[in-house]
Amino acid sequence: MKLGNVYGVYRHSQAMVENADRIRVPLRVFTTAIDDAADLGDIRKIYERSGGDRRNGVHHFPAEASVPHPMLHWRENEQAESISLLTRLSQDFLAHGKRSHR
């Protein structure tokens, strides 16, 4: 990533944390324990302040699953099973509002 892109992501992320209580749509959050690019503390703040479990869904991949940060990018995640699961969970959430917690 170029430095300007990193700064843009940082500013956008900070704005989300600061304004999480104003988010009016349900969120579907996917995290992975081996993610070296995301701040799980900030993700938790956004999740909780935007409605928590009563409105949002979360799916966390444990370290032993070895799912990398680019979860859906086939060039960087060679695990067809985790890509399929993420796709299905996302489609269920968008089409039916189904949310699961793991």
inquiry  = Test of understanding: among Asp35, Asp42, which residue is farther than 19 Å from Asp92 by Cα, touching a helix residue (DSSP H, G or I) at 6+ places or on another chain (Cβ under 7 Å) and among the acidic types (Asp, Glu)?
reply    = Asp42
request  = Return the total of residues in the range 47-102 being in a loop (DSSP other than H, G, I, E, B), surrounded by 15 or more Cβ atoms within 10 Å (Cβ to Cβ) and of a type outside the set (Gly, Ala, Ser).
outcome  = 8
request  = Specify the residue that is surrounded by the fewest Cβ atoms within 10 Å (Cβ to Cβ); the eligible residues are those in the range 34-46 that are among the acidic types (Asp, Glu) and farther than 17 Å from His12 by Cα.
outcome  = Asp36
remark   = Over the range 1-19, the set of residues free of Cβ contacts under 8 Å to residues at least 24 places away in the same chain and among the polar types (S, T, N, Q) is Asn5, Gln14, Asn19
task = Would you tally the residues in the range 1-46 being acidic (Asp, Glu), at pLDDT 85 or above and part of a loop (DSSP other than H, G, I, E, B)?
result = 0
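The values are calculated or read from the model by the stated rules, or taken from the named source; none is laboratory data. The model shown is predicted, which means the values in this text are computed figures rather than measured ones. FYI the Cβ positions are ideal-geometry reconstructions off the backbone, even for glycines, and counts take in every protein chain you see.
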